[in-house]
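Student: Once you've had a glance at the structure underneath, I'll fire off some questions.
The values are calculated or read from the model by the stated rules, or taken from the named source; none is laboratory data. Here the structure is a predicted model, which is why all the values come from computation and not from measurement. Ideal geometry is used to build each Cβ from the backbone, glycine not excepted, and the neighbour counts take in all protein chains shown.
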Amino acid sequence: MGTGVVAGREAPRRLRSIPTTGMRGGLGRTLLTAFLILTILPLALIGGYAAQNNRRNLQQEVKSKLQAVATLKGEELQQWFVHMRQALLTPISWTTDASAGQREAWWESIHKQEPDLTGVTRLDQNGQELWTLGTCRSTARVAGSPDFVTERTASATASDHNAHFPLGRFVLLGDTDAWVLVYATQEHTTIFCLRESALTRIIQYDALLDKALIGETGKVYLVSQSRIWPGGAEAVSVGNGVYVNHLNVPVIGAYYYLDDFDVGVLVEQAQSETLESTDRIAATLIALVLAVALATTAIAAIVIRQITRPVIRLTESAVAMAEGDLAQHLEVTSRDEIGILTFVFNEMAADLKSLYEDLEAKVAERTQRLQQANYLIQRRALHLQASQEVAQAITSVRDPTLLLNQVADLIRESFVYASVAIYIVEPGGGEIRLRAHSPATRPDTVVDVADQGAWPEHVYAGDGSIIERAARKRVSVVEHQQTDETVEWYRRTLSRAAIPLRMEDRVLGVLAVLSTEHEGIQEDELEVLELLAGQVTVALENARAYERERLAAQRLEEAEAFKGRFLANMSHELREPLNTIIGFSRLMIKGIDGPLTSQQTQDMQRIYDDAQRLLFLINDILAISQIQAGMMELRLQPVRLQDLVDAVMPTASALVRGKDIELIQDIPADLPVLNVDPIRLRQVLVHLFNNAAKFTERGRITLKAWHNENQVYVSVSDTGVGIPPEDFERLFVRFEKGADKEGRWQDGIGLGLALSKEFVEMHGGQIWVNSEVNKGSTFTFSLPCYVADGDGREV
Amino acid sequence: MKWKPIVPSEAVILIVEDNLNNFILMTRLLAFLGVKKCEWKASGWKVLEFAETLGNVDVVLMDIALPDTDGYQSLASLRSHPRFQNVPIIAVTADISAENMARAREAGFNGFIGKPLDPDRFPEQVRRILAGEEVWERE
């Protein structure tokens with residue numbers, strides 16, 4: 001009956017496994033990465049930008065300073081040049097014809113005036129030395145060589161640069177160890193050799209100031225004819241800004257060009273010096289950025305941890321919830337969104353839990369209701385089964401007391417009652433008595449409530465008990481009573497119900513039950529009980545009727561047995577005086593007491609004969625009575641019929657004495673041995689002979705015997721008055737007189753035939769009669785053959 | 001059990017019989033036989049009561065249907081008495097059923113004569129008993 005719901009409740013909560021491998025901590029990593037990018041990138045950008053800017057500014061500044069130095073030096077050089085041009089104009093104006101003295105005089109003056117001037121040489125247009133003042137050899141050899149000039153001239157015409165090497169003006173030319181001023185005209189070329197230190201001094205004077213201006217690595221060069229001095233190396237790139245100079249050193253440079261002399265001043269400072277501070281700043285910046293990054297990371301880690309820890313806890317709780325553990329509660333540790341989230345999570349978890357529990361409770365409630373329904377159905381089934389059993393029991397039990405006890409037991413067992421009692425209204429109706437109760441012991445051992453202990457033995461009209469009320473009102477009465485136990489478990493409902501046993505409008509009794517179940521006796525239960533009560537009533541009536549019948553039958557039987565006993569006793573009592581009569585009459589007839597007259601003897605003989613007949617009759621009655629009382633038992637033994645007949649024949653002869661009757665025997669020699677009680681069979685034969693003799697005046701009495709496989713037949717035929725067929729049956733009935741229709745009184749056949757019939761039937765045989773009125777009668781009886789077990793003993 | 005034969009004229013016969021008429025009939029018949037001395041007790045109890053006062057008894061004829069104690073009980077009592085241990089005791093009873101005779105044989109009676117007494121045969125039956133013969137005749 002629908003137990004599926006119960007099973008459903010027992011189903012285990014499914015545990016889901018959440019695939020979170022490799023996902024834990026992901027949030028922290030993401031946040032940390034974002035933090036790092038957000039903090040370090042701007043810092044790095046700003047730092048980089050600042051460093052770059054600073055670098056550019058510095059470069060600019062240094063360049064300006066260098067430019068200033070270059071300009072300054074250039075101006076100084078310009079002045080020097082102008083001065084030198086003025087001082088050296090004289091020889092230029094000299095033509096070829098100028099006297100040596102003149103030249104010597106000028107040299108003397110100029111040499112003192114210009115100590116830097118080491119010598120002057122004039123070359124003709126072919127490069128031939130015209131004259132020389134002072135020493136200007138080396139220079140002359142280089143600068144004054146025709147190749148030199150020619151080369152310069154040629155190149156001057158060929159290139160833009162050489163455009164600055166014009167004729168008719170001073171041009172400064174540098175060599176490795178000397179400087180020369182060259183003034184070329186169409187006719188000649190005048191070379192003024194200068195001390196190498198002259199220009200160097202100009203460039204490098206006031207070194208201290210210069211140091212301050214151009215720094216430790218600052219250097220001033222002269223650039224001329226694409227060469228750089230000191231050194232005379234090929235000028236790679238000159239001048240502006242940041243570059244790598246001829247010494248392969250990254251420098252910042254500034255250039256000042258003097259048009260008049262086709263010479264430039266180049267001031268360079270190593271970038272390393274220039275950018276030293278800026279590099280330091282950059283390094284600092286990088287360190288700073290790194291430090292900030294580190295700090296940021298650490299802080300971020302802490303912050304993220306702060307943020308993610310509750311999130312992780314939430315996550316873990318959520319995972320736990322997803323896996324089925326709904327009892328999740330997190331402590332709200334922070335007053336922020338996470339805190340709110342935690343709080344809300346808790347609320348939700350609690351809601352979910354309560355929802356789930358609510359659901360479970362509902363399921364449980366539903367299950368319980370179903371179980372209750374099941375229980376009710378089962379109980380109903382039990383009750384129906386019980387009523388069926390009761391019905392079955394009561395149809396098979398005839399004894400009312402036994403019936404009531406069985407019913408009480410059955411009801412108590414089937415309905416699980418504490419006790420069941422059945423009361424029966426006593427005849428007269430004034431009193432109702434307890435007739436059966438279950439358990440058989442008094443129920444006070446079962447129920448420990450004092451006043452519930454025992455069902456009263458008697459209920460009197462008007463005593464107000466539940467039984468009396470049910471009997472009086474003829475309806476079921478139910479009483480509920482709560483026990484006042486303090487512990488709920490022990491608290492019970494004591495329900496007593498009394499159901500009248502009604503037969504139409506009579507109340508035969510009351511069925512009373514006591515229930516100590518929790519729910520007490522319910523309406524449906526009462527209905528079943530009423531149904532049962534109806535059945536019990538019917539059964540009780542049946543049993544009572546049966547009992548009445550049985551009692552009647554028993555009384556009848558008892559009466560019959562009494563009759564038998566009475567007759568047996570009476571016969572015995574009757575025989576005693578009869579024996580005296582027979583004895584003394586015979587005594588007198590025999591003449592023991594003295595001789596009698598013939599008349600006396602005749603009279604005495606009559607007394608004796610009738611006393612003898614009376615004795616036979618009494619003996620028959622005794623035998624019949626014994627049979628009726630069940631006191632007659634056969635003592636079977638193997639008997640040959642011929643022996644019996646031989647024993648009977650003297651009696652038979654005596655019976656037919658004085659009559660013209662022939663006794664004939666016809667017994668085959670091979671007649672089987674009989675298994676009979678010889679005394680009884682003898683009595684049968686005597687009766688039949690007696691009967692035949694009584695009703696036959698003349699003729700024959702024939703005893704005949706024959707047999708087939710199973711039966712031996714014996715018949716006694718006479719040639720007497722015969723019996724009308726309608727009397728055949730009555731012949732074998734006790735005390736029926738053989739009186740014929742004409743009212744002719746025949747000597748009573750008494751009990752002889754009835755007794756014979758009884759004896760024959762006791763042997764398993766039959767007896768019957770064939771007769772024709774006035775021709776004779778034939779009584780025949782059959783006996784089963786004796787199956788010999790060894791040598792048949794004979795009487 | 002065998003007992004010493006005795007001629008009727010010398011025999012003393014004890015008759016235990018509650019019916020006086022029967023006793024008288026029996027004494028008459030016994031007298032016819034030639035028995036001169038008959039003792040009469042109405043019950044087995046009385047036999048025991050007066051066992052000491054009784055003279056010598058040769059045969060006891062005992063009714064079974066007796067008041068107080070029946071013939072079987074009386075037989076047992078008499079047999080326990082030294083004076084009757086070797087005296088033949090004959091059941092004389094109206095209960096002539098084969099069962100009863102078998103029971104009498106079982107109980108230790110020394111003969112059985114059915115009632116009503118046949119006056120034609122009774123003296124002869126007693127004569128045989130006195131001659132030392134066992135008589136078991138129901139009628």
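Student: What's the total number of residues in the stretch A:610-637 that are at pLDDT 85 or above and more than 13 Å from every other protein chain (Cβ to nearest Cβ)?
Tutor: 1
Student: For A:Gly591, are the conditions met, namely being within 14 Å of another protein chain (Cβ to nearest Cβ) and not in a helix (DSSP H, G or I)?
Tutor: Numbers: within 14 Å of another protein chain (Cβ to nearest Cβ): yes; not in a helix (DSSP H, G or I): yes.
In short, yes.
Student: For the stretch B:22-30, indicate whether the set of residues that are out of contact with any Leu (no Cβ under 9 Å at 6 or more places or on another chain), within 14 Å of chain A (Cβ to nearest Cβ) and in a loop (DSSP other than H, G, I, E, B) is non-empty.
Tutor: no
Student: In a loop (DSSP other than H, G, I, E, B) and either among the hydrophobic types (A, V, I, L, M, F, W, C) or touching a helix residue (DSSP H, G or I) at 6+ places or on another chain (Cβ under 6 Å) (or both) - does that describe any residue in the stretch A:660-669?
Tutor: Within the stretch A:660-669, one or more residues are in a loop (DSSP other than H, G, I, E, B) and either among the hydrophobic types (A, V, I, L, M, F, W, C) or touching a helix residue (DSSP H, G or I) at 6+ places or on another chain (Cβ under 6 Å) (or both).
Student: Filter the stretch B:34-57 for residues that are surrounded by 20 or more Cβ atoms within 10 Å (Cβ to Cβ) and either touching a residue at least 40 places away in the same chain (Cβ under 8 Å) or of a type in the set (Lys, Arg) (or both); which is farthest from the other protein chains (Cβ to nearest Cβ)?
Tutor: Here the residue is B:Val57.
Student: Looking at A:Ile411, A:Ile377 in this structure, which one is modelled with pLDDT of 80 or more, under 46 Å from the mean Cα position of the chain (by Cα), among the β-branched types (Val, Ile, Thr) and surrounded by fewer than 19 Cβ atoms within 10 Å (Cβ to Cβ)?
Tutor: Details: A:Ile411 fails: surrounded by fewer than 19 Cβ atoms within 10 Å (Cβ to Cβ).
That would be A:Ile377, the only listed residue that is modelled with pLDDT of 80 or more, under 46 Å from the mean Cα position of the chain (by Cα), among the β-branched types (Val, Ile, Thr) and surrounded by fewer than 19 Cβ atoms within 10 Å (Cβ to Cβ).
Student: Looking for whichever is at pLDDT below 85 and outside any loop (DSSP other than H, G, I, E, B) here; the options are B:Trp40, B:Trp45. Which one fits? Reasoning before the result, please.
Tutor: Values: B:Trp40 fails: at pLDDT below 85.
When all the criteria are applied, what remains is B:Trp45.
Student: Another question about this same structure. Out of A:Leu382, A:Leu370, A:Leu404, which single residue is aliphatic (A, V, I, L, M) and surrounded by fewer than 17 Cβ atoms within 10 Å (Cβ to Cβ)?
Tutor: A:Leu382
Student: Suppose the filter is surrounded by 19 or more Cβ atoms within 10 Å (Cβ to Cβ), under 24 Å from B:Pro116 (Cβ atoms) and polar (S, T, N, Q); does A:Asn579 pass it? Working first, answer last.
Tutor: Details: surrounded by 19 or more Cβ atoms within 10 Å (Cβ to Cβ): yes; under 24 Å from B:Pro116 (Cβ atoms): yes; polar (S, T, N, Q): yes.
Yes, satisfied.
Student: Which one of these does B:Val7 not meet: (1) touching a residue at least 60 places away in the same chain (Cβ under 8 Å); (2) in contact with a Gly (Cβ under 6 Å, 6 or more places away or on another chain); (3) farther than 28 Å from A:Arg575 by Cα?
Tutor: Here B:Val7 clears every test but (2).
Student: With respect to A:Lys757, is the statement that it is surrounded by fewer than 17 Cβ atoms within 10 Å (Cβ to Cβ), within 30 Å of A:Arg635 (Cα to Cα) and modelled with pLDDT of 85 or more true? It would help to see each step written out before you state the result.
Tutor: Values: surrounded by fewer than 17 Cβ atoms within 10 Å (Cβ to Cβ): no; within 30 Å of A:Arg635 (Cα to Cα): yes; modelled with pLDDT of 85 or more: yes.
Criteria not met by A:Lys757.
Student: Here's a check for you: in the stretch A:374-431, which residue that is free of Cβ contacts under 8 Å to residues at least 60 places away in the same chain and not in a helix (DSSP H, G or I) is farthest from A:Ala461 (Cα to Cα)?
Tutor: Result: A:Pro427.
Student: Which count do you get for residues in the stretch A:310-335 that are in a loop (DSSP other than H, G, I, E, B) and surrounded by 13 or more Cβ atoms within 10 Å (Cβ to Cβ)?
Tutor: 8
Student: Could you grab me the full set of residues in the stretch B:108-139 that are in a helix (DSSP H, G or I) and out of contact with any strand residue (DSSP E or B) (no Cβ under 8 Å at 6 or more places or on another chain)?
Tutor: B:Pro123, B:Glu124, B:Arg127, B:Arg128
Student: Same structure, new question: How many residues are modelled with pLDDT under 70 and either farther than 19 Å from A:Leu72 by Cα or in a loop (DSSP other than H, G, I, E, B) (or both) if we restrict to the stretch A:197-226?
Tutor: Here the count works out to 4.
Student: I've got another one for you. Tell me whether the stretch A:583-593 contains one or more residues that are free of Cβ contacts under 8 Å to residues at least 40 places away in the same chain, farther than 17 Å from B:Leu25 by Cβ and out of contact with any Cys (no Cβ under 6 Å at 6 or more places or on another chain).
Tutor: no
Student: Suppose we filter the stretch B:58-101 for residues that are in a helix (DSSP H, G or I) and either away from every other protein chain (no Cβ under 14 Å) or within 19 Å of B:Gln125 (Cβ to Cβ) (or both); how many remain?
Tutor: As a first pass, look at the stretch B:58-101 and keep what is in a helix (DSSP H, G or I): B:71-80, B:82-84, B:98-101.
The next check asks that each one be either away from every other protein chain (no Cβ under 14 Å) or within 19 Å of B:Gln125 (Cβ to Cβ) (or both); those that pass are B:71-80, B:82-84, B:98, B:100-101.
Residues flagged as in a helix (DSSP H, G or I) and either away from every other protein chain (no Cβ under 14 Å) or within 19 Å of B:Gln125 (Cβ to Cβ) (or both) within the stretch B:58-101 amount to 16.
Student: Let me ask you something else. Would you be able to tell me the number of residues in the stretch A:453-511 that are at pLDDT below 85 and assigned to a loop (DSSP other than H, G, I, E, B)?
Tutor: Count: 19.
Student: Of the conditions (1) surrounded by 15 or more Cβ atoms within 10 Å (Cβ to Cβ); (2) within 14 Å of the chain's Cα centre (by Cα), B:Ser77 fails just one. Which one is it?
Tutor: Among (1) surrounded by 15 or more Cβ atoms within 10 Å (Cβ to Cβ); (2) within 14 Å of the chain's Cα centre (by Cα), B:Ser77 violates only (2).
Student: Would you please list the contacts, defined by Cβ atoms under 7 Å and residues six or more apart or on different chains, that run from a residue in the stretch B:61-84 that is at positive phi to a residue that is modelled with pLDDT under 85?
Tutor: Note: pairs meeting the criteria are B:Asp68/B:Ser43; B:Asp68/B:Trp45.
Student: So, in the stretch A:641-655, of the ones that are surrounded by fewer than 18 Cβ atoms within 10 Å (Cβ to Cβ) and either part of a loop (DSSP other than H, G, I, E, B) or not small (Gly, Ala, Ser) (or both), which residue ends up farthest from the other protein chains (Cβ to nearest Cβ)?
Tutor: Step one: of the stretch A:641-655, the residues surrounded by fewer than 18 Cβ atoms within 10 Å (Cβ to Cβ) are A:642-643, A:646-647, A:649-651, A:653-654.
Still in the list and also either part of a loop (DSSP other than H, G, I, E, B) or not small (Gly, Ala, Ser) (or both): A:642-643, A:646, A:649-651.
Details: A:Gln642: 21, A:Asp643: 17, A:Asp646: 17, A:Met649: 17, A:Pro650: 13, A:Thr651: 11 Å.
If we take residues in the stretch A:641-655 being surrounded by fewer than 18 Cβ atoms within 10 Å (Cβ to Cβ) and either part of a loop (DSSP other than H, G, I, E, B) or not small (Gly, Ala, Ser) (or both), then A:Gln642 is farthest from the other protein chains (Cβ to nearest Cβ).
Residues checked against (1) surrounded by 20 or more Cβ atoms within 10 Å (Cβ to Cβ); (2) part of a strand (DSSP E or B); (3) of a type in the set (Gly, Ala, Ser); (4) in contact with a Ser or Thr (Cβ under 9 Å, 6 or more places away or on another chain):
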position: A:Val684; (1), (2), (3), (4): yes, no, no, yes
position: A:Leu688; (1), (2), (3), (4): yes, no, no, yes
position: A:Asn691; (1), (2), (3), (4): yes, no, no, yes
position: A:Ile701; (1), (2), (3), (4): yes, yes, no, yes
position: A:Ala705; (1), (2), (3), (4): no, yes, yes, yes
position: A:Tyr713; (1), (2), (3), (4): no, yes, no, yes
position: A:Val716; (1), (2), (3), (4): yes, yes, no, yes
position: A:Gly720; (1), (2), (3), (4): yes, no, yes, yes
position: A:Ile723; (1), (2), (3), (4): yes, no, no, yes
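Student: Going through the stretch A:551-578 one residue at a time, which ones are within 10 Å of chain B (Cβ to nearest Cβ) and among the basic types (Lys, Arg)?
Tutor: Residue satisfying the conditions is A:Arg575 alone.
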